[in-house]
Amino acid sequence: MTSCNLCHIVSRGLPLGRVYEDDLLVVLMDTSDGPAQMLVVPKLHEGSLEALGAAAQHHLYKISRRAGRSLHVAAGIAPDVRLQVLPADEGHAHLKVLAAAS
Ligand SMILES: [Zn+2]
């Protein structure tokens, strides 16, 4: 079994701010680079989002858009939201949801 920091977080090895979870992914509040961003992390350790398959990718983007809307409502700071597909640090692809400066 592959293990990395994100796998450790997904398996609840680290108590980070988990704001949503379902069978395929977890959404984490990330305060490392600023207050208004979230990480959308697939539970499967894959090096690319494409490797998850079309249905899982669709679900990932759908939940990311919802996370972005909740960031906007919670922070009340920006009408725009950006999604970044992050390089697979340690081989675990994921998305970062940012409230964009307007
Ligand atoms: Zn992993």
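Overview of values
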read-out: Stretchable slack from Ser11 to Gln84, in nm (0.36 nm times residue separation minus alpha-carbon distance); value: 24.0 nm
read-out: Chain lengthening between Leu24 and Gln57 when straightened (0.36 nm per residue, less Cα-Cα); value: 10.9 nm
read-out: Vicinal HN-Hα couplings computed from phi for the stretch 51-57 (Karplus, 6.51 cos²θ - 1.76 cosθ + 1.60; Hz; Gly/Pro x); value: 5, 6, x, 5, 5, 5, 4
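Just so you know, all these numbers are worked out from the coordinates, no wet-lab data involved. Computed from a predicted structure; not experimentally measured.
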